[in-house]
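The values are calculated or read from the model by the stated rules, or taken from the named source; none is laboratory data. Note that this is a predicted model, so its numbers are computed, not measured. Here Cβ is always computed from backbone atoms with ideal geometry, including for glycine, and neighbour counts include all displayed protein chains. Quick note on the areas: whole protein, heavy atoms, side chains included, nothing else; ligands and nucleic acids left out. Shrake-Rupley method; radii C 1.70, N 1.55, O 1.52, S 1.80 Å.
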Amino acid sequence: MKKIQADYLAALRKLMAEQGIHTVIISGTDPHQSENPPAHWRDREWLTGFWSTNGTNGTAVVTPDEALCWTDSRYFLQATEQLEGTGFKMMEEDGPNAVNLIDWVTEHTPADQTVAIDGTTFSISQAQRMQQEFTDNQIKFVTDFTPFDTINPSRPTTPKNKLFVHDEAIVGESVDSKIARILEEVKGELANAVLLSSLDDIAWATNVRTAGDILFSPVFVSYLYLSPEERVLFVDADKVSEEVKKHLEKYNIVQKPYESVFDFVSRLPKETRLLIDPEKTSRTLYDRMDCTPVFGGSGIAKLKSIKNEQMLASLDKAMEKDGVALTRFFMMVEKEAPSGKLTELGLAQALRAERLKDPDCVDESFSSIIGWNGNGAIVHYEPTEESSMTIEGNGLLLVDSGGQYKLGTTDITRTIAIGTPTDEMKHDFTLVMKGHIALANAIFPEGTTGHQLDVLARQFLWAEGKAYFHGTGHGVGFFINCHEGPQSIRLNYVPTPLQPGMITSDEPGLYLEGRYGIRCENLIETVPAMQTEFGRFLRFRVATLFPFDLRLFEPAIMTDEEIKWLNDYHALVRSRLTPLLNADEAAWLAEKTQPLTR
């Protein structure tokens, strides 16, 4: 067993025994249910050894005799490798061999014994589902077990990074306007106040950002209370710059310490009908409320997901900047690949450096996923000093990356050939692209959800008995989180319809373990298509600007319409990026965007 995990596990079990706890469930997130939590709350990661700078979906369970870590199919290969020798066993949370975590805990915890969680890192909904199941089986349930300051003496502090104002000329809407719209939603849900816990909602509502609280996302650790009479931002004072202080004062937002939110909600009068999102608000915070909670808030996330005209115009500029950076990066890859000196980790560092040359780029939008051949089949692979492969010989290089520009957030995946690709690689790549194009070309009636469109991207793979198990598309924030709800395009049902102004990814893939991975991703904007006697119809506009690798297409299995889509897209890329490139770069781009023919 790896000594550091063995020591942590032993310390945790000792504390559990002292407090009469049989089973502990450890969240992989923070009090705001962040996908990529700050270091202070990455307790499950350091306890198990299953980690990534991009964050990993996982929940750990520890009993006196067993240590398990549940994760989804995106991380099966990664978790299997990283958990080896830690004392933790991977459990599949989805797929044909899935085991339900709550069912397992119920079956393996004797009646009258205690299951414990840290209620600050579990949402109300999660904790309620657990409590109902455990109570039905005569199992005790406590939500105030907070062991990690005790067993991890080097636990990082909560983040203290300075805030800054996101220019409203870029955003296209004032804080007053956003708060007015939020309070209309609150009123519509029969509440008279709201407490926002989701960090991207708060950053959007206040037009405030930071760098460093959460890796690759400019959101900041805080809560926001809004009512017609009062506006309170719960954030530590040492994070508030003079610029932000004046900004908050301009919009009558009072600043209070982050931890004071617990006392604040405990003092709200009973007649306060406080709107809270049960999927984002922590159980501990809920338990402190003496007012009247109202569960809801999905309409606020929808407000954030629909970008205004100024945002969309700004995002187009960010896409041009990103396309220039990618052109320079892939030119370097093509030139240097024959040397056999390129590595996955070196490429990740080079791509980050290329993007950050632009003064509008604050950070990457996630740690680049750069996988050569077999590593490309690990869906969320992240090269490290230990895992980084040298790019040599023939094969496929998968590059999934993005930038956090003040003008918008980008996310793009390209799979390119190095050396000579096999016929099988070209065939598989073309199947993935046929699905990508089918989704990009979709026209659909207003009210359609991503769930109803998802099969368009999978149909060509399914026809040959092939599949991928992640979602086809996620919402993307505007200089906020790269992954943003509430809309998505995936197999499981998500009720939010796609609406004009939403930015969503289009990213089908195929992963052959130990051989290669393929993913092709653009960001697409939902826009109006037509109005007919049957109602309003919508379509997608492609926002991303960079070519696909022409060497990987198998034109014989493509339709004329698919080839036309590709050629039209490449013509758009060429027209938008060429004026921003020097002569050598423009010549390279012209070659990569020449028309595909049979």
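Summary of values
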| item | result |
| --- | --- |
| Verdict on residue 472 being open to solvent by less than 30 Å² (accessible area, probe 1.4 Å), in contact with a strand residue (DSSP E or B) (Cβ under 6 Å, 6 or more places away or on another chain) and free of Cβ contacts under 8 Å to residues at least 60 places away in the same chain | yes |
| Region 492-507, subset under 17 Å from residue 308 (Cα atoms) and of a type in the set (A, V, I, L, M, F, W, C), residue surrounded by the fewest Cβ atoms within 10 Å (Cβ to Cβ) | 502 |
| Out of 514, 475, 509, sole residue that is on the phi > 0 side of the Ramachandran plot and either within 14 Å of the chain's Cα centre (by Cα) or not charged (D, E, K, R) (or both) | 514 |
| Scan of region 332-357 for residues that are closer than 21 Å to residue 419 by Cβ and polar (S, T, N, Q), ordered by number | 339, 343 |
| Candidates 285, 275, 351 - the one that is under 30 Å from residue 494 (Cβ atoms), in contact (Cβ under 8 Å) with a residue 40 or more places away in the chain and in a helix (DSSP H, G or I) | 285 |
| Residue satisfying condition, being under 24 Å from the mean Cα position of the chain (by Cα), open to solvent by 10 Å² or more (accessible area, probe 1.4 Å) and more than 18 Å from residue 251 (Cβ to Cβ), within set 199, 215 | 215 |
| Which listed residue is within 23 Å of residue 162 (Cα to Cα), hydrophobic (A, V, I, L, M, F, W, C), at pLDDT 95 or above and open to solvent by less than 60 Å² (accessible area, probe 1.4 Å), from 186, 208, 194 | 208 |
| Any hit, region 554-561, residues being open to solvent by 20 Å² or more (accessible area, probe 1.4 Å), within 26 Å of residue 426 (Cα to Cα), assigned to a loop (DSSP other than H, G, I, E, B) and touching a Ser or Thr at 6+ places or on another chain (Cβ under 7 Å) | yes |
| Only listed residue being β-branched (Val, Ile, Thr), modelled with pLDDT under 95 and crowded, with 16+ Cβ neighbours inside 10 Å, chosen from 253, 300, 276 | 300 |
| Top-ranked residue in region 1-42 [being of a type in the set (Asp, Glu) and farther than 24 Å from residue 134 by Cα; ranked as most open to solvent (accessible area, probe 1.4 Å)] | 35 |
| Enumerated strands (runs of 3 or more DSSP E) restricted to region 155-268, each holding at least 2 residues that are within 24 Å of residue 29 (Cβ to Cβ) | 193-196, 208-210, 223-226, 231-234 |
| Hits in region 536-553 (condition: in contact (Cβ under 8 Å) with a residue 60 or more places away in the chain and open to solvent by 50 Å² or more (accessible area, probe 1.4 Å)) | 536, 539, 551 |
| Filter pass, residue 318 being in a helix (DSSP H, G or I) and open to solvent by 10 Å² or more (accessible area, probe 1.4 Å) | no |
| Residue list for region 479-491, filter: in contact with a helix residue (DSSP H, G or I) (Cβ under 7 Å, 6 or more places away or on another chain) and either open to solvent by 10 Å² or more (accessible area, probe 1.4 Å) or of a type in the set (D, E, K, R) (or both) | 481, 484, 485, 486, 488, 490, 491 |
| Spans of strands (runs of 3 or more DSSP E) in region 373-450 with at least 2 residues modelled with pLDDT of 95 or more, open to solvent by less than 20 Å² (accessible area, probe 1.4 Å) and basic (Lys, Arg) | none |
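One line per residue, one yes/no per condition, for (1) in a helix (DSSP H, G or I); (2) open to solvent by 10 Å² or more (accessible area, probe 1.4 Å); (3) under 30 Å from residue 184 (Cβ atoms); (4) free of Cβ contacts under 8 Å to residues at least 60 places away in the same chain:
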| position | (1), (2), (3), (4) |
| --- | --- |
| 310 | yes, yes, yes, no |
| 314 | yes, no, yes, no |
| 322 | yes, no, no, no |
| 328 | yes, yes, no, no |
| 333 | yes, no, no, no |
| 336 | yes, yes, no, yes |
| 346 | yes, yes, no, yes |
| 358 | no, yes, no, yes |
